[in-house]
Amino acid sequence: SPLSFSLSFSFSFLCETVMSAPQSHPNVLSIAVGEKRGFPVTKRTPRLPSVANKGRLGKRRAFARDLIREVVGFAPYEKRLMELLRINLDKRALRLAKRKIGTHIRAKRKREEMAKFVRLAKLKTQKKE
């Protein structure tokens, strides 16, 4: 009958498509349901959007900042911060930085930057001796 012919045709067509796995994956069947459903593919990692690089310090900007710091020196409040850090008044230094800069996070970053300069100065004096 025509109905049995169409069923047998569709069944044989399905068997051919499932059984004929692609040449790159010889022993793999594409299954419709389950954890490993679908065609097996290699996972691609997408590129990060350009906004992910916003604010990142590059070579040129770092060089320019170092050069400016070398030529201009430190602001008066930065010198006071370094004095407070030399005598281990970290909390007072943070309060001063917060009052001068405005935000807590920026003040912590500035305190760490000044602490780095204090450490470098100590290393220079130890090397000279």
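Some observations on this one:
- Here Asn88 meets the list (1) at pLDDT 95 or above; (2) under 19 Å from Ala121 (Cβ atoms); (3) loosely packed, with under 10 Cβ neighbours inside 10 Å almost entirely, failing just condition (1).
- Residue match in the range 41-52 (condition: of a type in the set (Ser, Thr, Tyr) and open to solvent by less than 90 Å² (accessible area, probe 1.4 Å)): no
- Looking only at residues of the range 53-62 that are assigned to a helix (DSSP H, G or I) and farther than 18 Å from Leu120 by Cα, we find that the one that is most open to solvent (accessible area, probe 1.4 Å) is Arg60.
- Residue match in the range 65-82 (condition: at negative phi, open to solvent by 100 Å² or more (accessible area, probe 1.4 Å), of a type outside the set (Gly, Ala, Ser) and assigned to a loop (DSSP other than H, G, I, E, B)): no
The values are calculated or read from the model by the stated rules, or taken from the named source; none is laboratory data. Nothing here was measured: the structure is a model prediction, and the numbers come from that model. As a convention, Cβ positions derive from the backbone with ideal geometry for all residues, glycine included, and neighbour counts pool all protein chains shown. In case anyone asks, the SASA skips ligands and DNA or RNA and just uses the protein heavy atoms, side chains included. Shrake-Rupley method; radii C 1.70, N 1.55, O 1.52, S 1.80 Å.
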